[in-house]
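What follows draws every value from the coordinates through simple rules; no lab data is involved. Computed from a predicted structure; not experimentally measured. Glycine gets a Cβ as well: all are built from the backbone with ideal geometry, and neighbour counts include every protein chain shown.
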Amino acid sequence: MKICIYGAGAVGGLIAGRLAQAGHEVSVVARGAHLTAILKDGLRIEADGRQTAIRIRANNDPDKLGPQDYVIVAVKGQSLPEVAAGIAPLLEENTSIVTAMNGVPWWFFDRLPFASERTARGGGKLRLETLDPGGKLSAAMPTDRIVGCVVHLAASTPEPGLIRHNMGQRLILGEPGGKNTARTRTLIEALQGANFEAVESAFIEKDFWVKLLGNVSFNPVSALTLATANRMIADDYIKAYMVAIMRECLAIGRAVGVDADIDPEARMDMARKLGVFKTSMLQDMEAGKKLEIDGLLTGTLEIAQKAGVAAPFTESLAGLARLRAESSGQYR
């Protein structure tokens, strides 16, 4: 298959490298020093102390890569407008778009009964305006092309062109609304052939929400405290604060028909088993990169507002994280 990974950072780069090794025709959209390093030395994947260099097509101009069978979008939420503006040359009639990202996706409401019921009552189409201002993302990447992908693995980019796989193999895939087709199952088979633990979801919105419980709490708190996950869990005050945020997020999800069905203490246990690790937002904070505040916090709070659910702990975290990032030029 022809597969383009739009955003060859830690997660996208790992997926690209493994799919290329499995024999697929893989290309990546990358930029800057990362692109320069990939073109010079190949995409380097480090795992279990061993490093492999993979020669792969790479360009900062999607028009140079041509139409694909799948485009895997693996960027942070703040980079999505750039993707929307550039993705068209990669698409033909049957191209699928896979969103392998943290946080709430812009298409989250599109297949939920909550949204259709509101529309039927004369409320108009329900869109997450904070994530998709003016509907530009939806226009460029419509829901009927989408396969959602929830990522349960950890990787990092210690230097340009190098992807370090730290832990985990699990990728959960499904189409909005749970009506999966051959496009999802074909991609799952390809990912399994590339040594990922890829599984099919009957309700991908729920899987996004389960992941969100951890992301919306651990990520911003780590950026504020500069602490690894184990230290946050070990501090009784911080842990209680994150549990309160998780409980609010559970209530928000249930109000729109997405019940994550997990106790916050159990979600803490999932993180505890990972030991000492830095969240992606803490890595971005230390690297001086823009922080993924809107996809994790602002979008969640917009859903809360639309559902009429109070979320004071999540609001306080959003305000603190946004102001901290603004102070260091890491939020726009």
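Quick notes on this one:
- Cα gyration tensor, the stretch 211-294 - rounded (a/c under 1.5), prolate or oblate: oblate
- DSSP H segments from the chain that extend 18 Å or more along their own axis, Cα-based, with Kyte-Doolittle mean of -0.5 or above: 204-225, 236-255, 312-327
- Volume per residue for the stretch 192-332 equals 124 cubic angstrom (convex hull of Cα atoms).
- Pairwise inverse Cα distances across the chain, averaged and inverted, put the Kirkwood hydrodynamic radius at 20.1 Å.
- Overall form of the stretch 93-246 per C-alpha gyration tensor (a/c, 1.5; a/b vs b/c): oblate
- Gyration tensor (alpha-carbon) shape descriptor, the stretch 265-332, a/c threshold 1.5: oblate
- When each of Lys239/Lys278; Lys211/Lys273; Lys76/Lys136; Lys76/Lys289; Lys136/Lys211; Lys211/Lys278 is checked by Cα-Cα distance, pairs over 19 Å: Lys136/Lys211
- For the stretch 1-122, the spread of Cα positions along the three principal axes, ordered from largest to smallest, is 57, 32, 27 Å.
- Rel. contact order, % - alpha carbon contacts under 8 angstrom, at least six apart, the chain: 16
- Charge dipole (the chain, unit charges on Cβ, about Cα centre) - positive-most of Ile188, Ala240, Ile38: Ile38
- Kirkwood-based shape ratio for the stretch 130-184, expressed as Rg/Rh from alpha carbons: 1.10
- Our note on the geometry: Cα centres of the stretch 46-125 and the stretch 221-294, 24 Å apart.
- For the stretch 1-133: relative contact order, % (alpha-carbon pairs under 8 angstrom, 6 or more apart): 22
- Taking Cα centre as origin and charging only the Cβ of basic (Lys, Arg, +1) and acidic (Asp, Glu, -1) residues, the dipole magnitude of the chain rounds to 300 debye.
- The chain - mean residue ellipticity at 222 nm from DSSP helices (-39,500 (n - 2.57) per run, n ≥ 4, rounded to 500): -13000 deg cm²/dmol
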